[in-house]
1. Please count how many residues of the stretch 63-80 are in contact (Cβ under 8 Å) with a residue 24 or more places away in the chain and assigned to a loop (DSSP other than H, G, I, E, B).
2. When the stretch 87-100 is examined, which residues are found to be within 15 Å of the chain's Cα centre (by Cα) and more than 14 Å from LEU138 (Cα to Cα)?
3. From the list THR193, THR137, THR158, which residue is of a type in the set (Val, Ile, Thr), in contact with a helix residue (DSSP H, G or I) (Cβ under 9 Å, 6 or more places away or on another chain) and modelled with pLDDT under 80?
4. If only one of THR60, THR91 is touching a residue at least 12 places away in the same chain (Cβ under 8 Å) and either surrounded by 14 or more Cβ atoms within 10 Å (Cβ to Cβ) or among the acidic types (Asp, Glu) (or both), which one is it?
5. Return the only residue of VAL122, VAL153 being surrounded by fewer than 18 Cβ atoms within 10 Å (Cβ to Cβ) and either modelled with pLDDT of 90 or more or more than 17 Å from LYS95 (Cα to Cα) (or both).
6. Just give me the residues in the stretch 6-45 being without any contact (Cβ under 8 Å) to a residue 24 or more places away in the chain, within 17 Å of TYR199 (Cβ to Cβ) and assigned to a helix (DSSP H, G or I), in sequence order.
7. Can you pull out the residues in the stretch 123-133 that are touching a residue at least 24 places away in the same chain (Cβ under 8 Å) and either part of a loop (DSSP other than H, G, I, E, B) or within 21 Å of ARG202 (Cβ to Cβ) (or both)?
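The values are calculated or read from the model by the stated rules, or taken from the named source; none is laboratory data. These numbers were taken from a predicted model, which means no experiment stands behind them. Don't worry about glycine lacking a Cβ; one is built from the backbone with ideal geometry, like all the others, and counts go over all protein chains shown.
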Amino acid sequence: MLVSHLPAHRFRAEKIRAIAATGGRILDVGGGARFTKWLKEYERDFANTRYETLDMDRTTNPDIVGDIHEIPLADASIDAMICSSVLEHVTDPKKAVSEMRRVLKPNGSLFVYVPSIYPYHVRKDVYGDYWRFFDDTLELLFSDWSSMELCKVGGIFTALSFFVPFQHRLQFFLRPFSKGLDSFTGSLARTTTSGYMAYVRR
């Protein structure tokens, strides 16, 4: 496992553009409608790809309706994948990761984001909130993949900012302030983070 020291925003941009550069069939697992969440800013990068979303919630208008535990696609049919803020909501992350590996082509790449310290969040009757992740968790989940590059997203103050009342309304003020404080936390910066991004090769 390689740990990246790039700032999280640069790591994300570099890896998402690397996925887009495959020019092949890209699957956004749990993405719902196309280019939602933070992916909108990268939409142009995917102009020469076959970008599709998969989601079990058909009300989000995915390209493919399906469950990550049983992806309705053939073995080795996908060139690259994105799975952002999904694995905490699945009942069996190991099975989900195994399914993503199954549908990826040999040496295919996967970009993953998972929370480590984050408030409880669910959508009633759609998904629960089951897991939080650490370095060791990701190393275990992706142990049979060929490589993994890991990037921590924020430190202790970023993690704490999620628990400030009404933080969603104050985030544009809180996030830069938290990021500045994160750089002064010494050893805590190595052990406490709000989440992880990983770039994994099958």
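1. Number satisfying all stated conditions: 9.
2. Within the stretch 87-100, HIS89, VAL90, MET100 qualify.
3. So the residue among THR193, THR137, THR158 that is of a type in the set (Val, Ile, Thr), in contact with a helix residue (DSSP H, G or I) (Cβ under 9 Å, 6 or more places away or on another chain) and modelled with pLDDT under 80 is THR158.
4. It is THR60.
5. From the options VAL122, VAL153, the qualifying one is VAL122.
6. If the condition is that a residue be without any contact (Cβ under 8 Å) to a residue 24 or more places away in the chain, within 17 Å of TYR199 (Cβ to Cβ) and assigned to a helix (DSSP H, G or I), then HIS9, ARG10, GLU14 are the ones that fit.
7. VAL126, GLY128, ASP129, TYR130, TRP131, ARG132, PHE133
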